[in-house]
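The values are calculated or read from the model by the stated rules, or taken from the named source; none is laboratory data. This structure is a prediction, so every number in the text was calculated from the model and none was measured. Glycine gets a Cβ as well: all are built from the backbone with ideal geometry, and neighbour counts include every protein chain shown.
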Amino acid sequence: MTTTIPDSEALRRASLRYLWMHNRDWTQMAEEGEPQIIESGHGVRVTDSEGKSWIDVNGGYNSVNAGYGRTEIGEAAYEQMVNLHYFPQGTTTVPMAKLAAKLAEITPGTLSRVFPVSGGSEANETALKIARAYHKRIGEPGRYKVISRVGSYHGMTAGVLWLGGSPYQPRHDYEPIYPGIVHAPQPNAYRSTCGGETPSECAVKCAEAIERLIEFHGPQTVAAVIAEPVAIPQGAVVPSDEYWPMLRQICDKYGVLLIADEVICGFGRTGKMFALEHWDVVPDIMTVAKGVVSSYLPMAAAIVKEEVADVFAGERNILRHVFTAAGHPVAAAASLKNIEIIENEDLVENSAQVGAYFKEQLEGLAIDHPLVGDVRGIGLLLAVELVSDRDTKAGFAADARVPERLNDKFKRQGLIFRINSNILNMGPPLCITKEEVDEIVHAIDISLWELEGEMG
Ligand code: PLP
């Protein structure tokens, strides 16, 4: 069915009047002829209500790993929906039991006890509760502090929103701050804040900073360290190889649980099924969301090492933590089909190979464009940091409106992008081809030429 433009306009007006869109101001959107209303999708492309086709370079907040328009996932969900649409956790259902076993099979080490929830924030809230409750059960009730890194993102619910922190997500509306959160530096070698000059020094110093924080606060007060294997808000920050093994070793030394937030990195995004496999590190708790179901439905989980989960066995040790929609069987059926597609089509390998090609092409842009300060990332989790001066790494004056202007240019080229200040983030579906990468890079090239021409 083709939607006519008047229908599209009516939808736009309804959205502006009634919908509270995330992180957007509806008055400004009205002035700019937004919101865009997306109607359909296939592969890496989506089509809006006016019939215009777009490449989703953002991959639906880096979540649509299997790509748009997978009818098999829809069919699996439909079959489950008509067979049994829901039954509460406390019992379980066929697809949820199968999904738990599948996640235990594909995650590394002894990660094998799956606590299902519906989104990344819930998964991280769950991981923090498990960490605190674990220490209480093993006789260390004073351990409640959680160390996270500045420039990380772990979600927006009332607890985890205080982890990480980035200038793009101000938090002051929601004070007072959640108690017990301690911030460590991010191993971002391009903008090192820990004194390390080279990527390797930066990684070592940032890991040592975590050890110093544990000692400063007293190990007997620290429950967990939480981190994304590759941090997203500062633009696909891949730490040097020393970092993750050191974090594992430090956490073991002080009896602190290591939580890996694989909400974006998991399910092939970085060219391995799970990003910590790049460093052969197994966390105590891994949180997953997004790619587990390619956002066909809400599904997420905290996946816990057997040794940690076993502490919760026995009637008196139960973790009191429940969500009505968690482990939804329709979402579980969709997740199983999604993982089957990722495996059968070797999308993890495609992410590694096409991701490497994509990064190479982006690095090529630096030759012609002085605005390109840094290109980083791994697999299909990539970022370009733009600067006004390569030597000083200075950003842009706010009144130059660089992100807004670039976004307009990308839109004219048919690209959906996510730009954080001066960082272009890329996380397209993992089924992307080299030809589609060429289209994106060509469009970025043209947009940068235009911008540089305007800036003189
Ligand atoms: N963790 C990471 C690394 C994320 O990128 C996100 C969301 O983008 C979350 C957690 C929160 O997930 P959700 O938006 O599903 O609550």
Scanning the range 144-160 for residues that are closer than 13 Å to Tyr178 by Cα and either at pLDDT below 95 or near the ligand (Cβ under 9 Å from one of its atoms) (or both) gives Met156, Thr157, Ala158, Gly159, Val160
Restricted to the range 239-257 and to residues being surrounded by 24 or more Cβ atoms within 10 Å (Cβ to Cβ) and among the aliphatic types (A, V, I, L, M), the residue farthest from Ile378 (Cα to Cα) is Val256
Only one of Lys337, Lys359 is of a type in the set (Lys, Arg) and in contact with a helix residue (DSSP H, G or I) (Cβ under 7 Å, 6 or more places away or on another chain), namely Lys337
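Could you please find all residues in the range 340-374 being of a type in the set (Ser, Thr, Tyr) and closer than 14 Å to Arg269 by Cα? Let's see the steps before the verdict.
Filtering the range 340-374 down to residues of a type in the set (Ser, Thr, Tyr) leaves 351, 357.
Answer for the range 340-374, where residues must be of a type in the set (Ser, Thr, Tyr) and closer than 14 Å to Arg269 by Cα: just Ser351.
Every residue, every condition in (1) surrounded by 19 or more Cβ atoms within 10 Å (Cβ to Cβ); (2) out of contact with any His (no Cβ under 8 Å at 6 or more places or on another chain); (3) under 20 Å from Val282 (Cα atoms), yes or no:
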residue: Gly60; (1), (2), (3): yes, yes, no
residue: Val94; (1), (2), (3): no, yes, no
residue: Ser118; (1), (2), (3): yes, no, no
residue: Thr126; (1), (2), (3): yes, no, yes
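Can we say Leu11 is hydrophobic (A, V, I, L, M, F, W, C) and under 24 Å from Tyr296 (Cβ atoms)? So that I can check it myself, show each step before the final result.
Values: hydrophobic (A, V, I, L, M, F, W, C): yes; under 24 Å from Tyr296 (Cβ atoms): yes.
Criteria met by Leu11.
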Selection status of Leu276, modelled with pLDDT of 95 or more, touching a helix residue (DSSP H, G or I) at 6+ places or on another chain (Cβ under 9 Å), within 14 Å of Ile73 (Cβ to Cβ) and crowded, with 17+ Cβ neighbours inside 10 Å:
no
Those residues of the range 422-449 which are in contact with a Leu (Cβ under 9 Å, 6 or more places away or on another chain) and part of a loop (DSSP other than H, G, I, E, B) amount to Asn422, Gly427, Pro428, Pro429, Leu430, Cys431, Ile432
Exactly one of Cys206, Cys194 is farther than 26 Å from Gly327 by Cβ and surrounded by 23 or more Cβ atoms within 10 Å (Cβ to Cβ), and that one is Cys206
Reported set for the range 187-243 where residues are under 25 Å from Thr287 (Cβ atoms) and among the basic types (Lys, Arg) is none
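In the range 243-297, which residues are small (Gly, Ala, Ser) and either over 23 Å from Ser335 (Cα atoms) or part of a helix (DSSP H, G or I) (or both)?
First, pick out the residues of the range 243-297 that are small (Gly, Ala, Ser): 255, 260, 266, 268, 271, 275, 289, 291, 294-295.
Once the filter is applied, which keeps residues that are small (Gly, Ala, Ser) and either over 23 Å from Ser335 (Cα atoms) or part of a helix (DSSP H, G or I) (or both), the range 243-297 yields Gly255, Ala275, Gly291.
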Filtering the range 161-187 down to residues that are part of a helix (DSSP H, G or I), away from the ligand (no atom under 12 Å from the Cβ) and modelled with pLDDT of 90 or more yields Trp162, Asp173, Tyr174
Arg113: passes all of (1) touching a residue at least 40 places away in the same chain (Cβ under 8 Å); (2) within 14 Å of the ligand (Cβ to nearest atom) but (2)
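Here are Ala260, Ala302, Ala289: which of them is out of contact with any Cys (no Cβ under 9 Å at 6 or more places or on another chain), in contact (Cβ under 8 Å) with a residue 24 or more places away in the chain and away from the ligand (no atom under 11 Å from the Cβ)? Quick ask: steps written out before the conclusion?
Numbers: Ala260 fails: away from the ligand (no atom under 11 Å from the Cβ); Ala289 fails: away from the ligand (no atom under 11 Å from the Cβ).
Testing whether each residue is out of contact with any Cys (no Cβ under 9 Å at 6 or more places or on another chain), in contact (Cβ under 8 Å) with a residue 24 or more places away in the chain and away from the ligand (no atom under 11 Å from the Cβ) leaves just Ala302.
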Only one of Leu84, Leu16 is surrounded by fewer than 17 Cβ atoms within 10 Å (Cβ to Cβ), of a type in the set (A, V, I, L, M) and touching a Phe, Trp or Tyr at 6+ places or on another chain (Cβ under 9 Å), namely Leu16
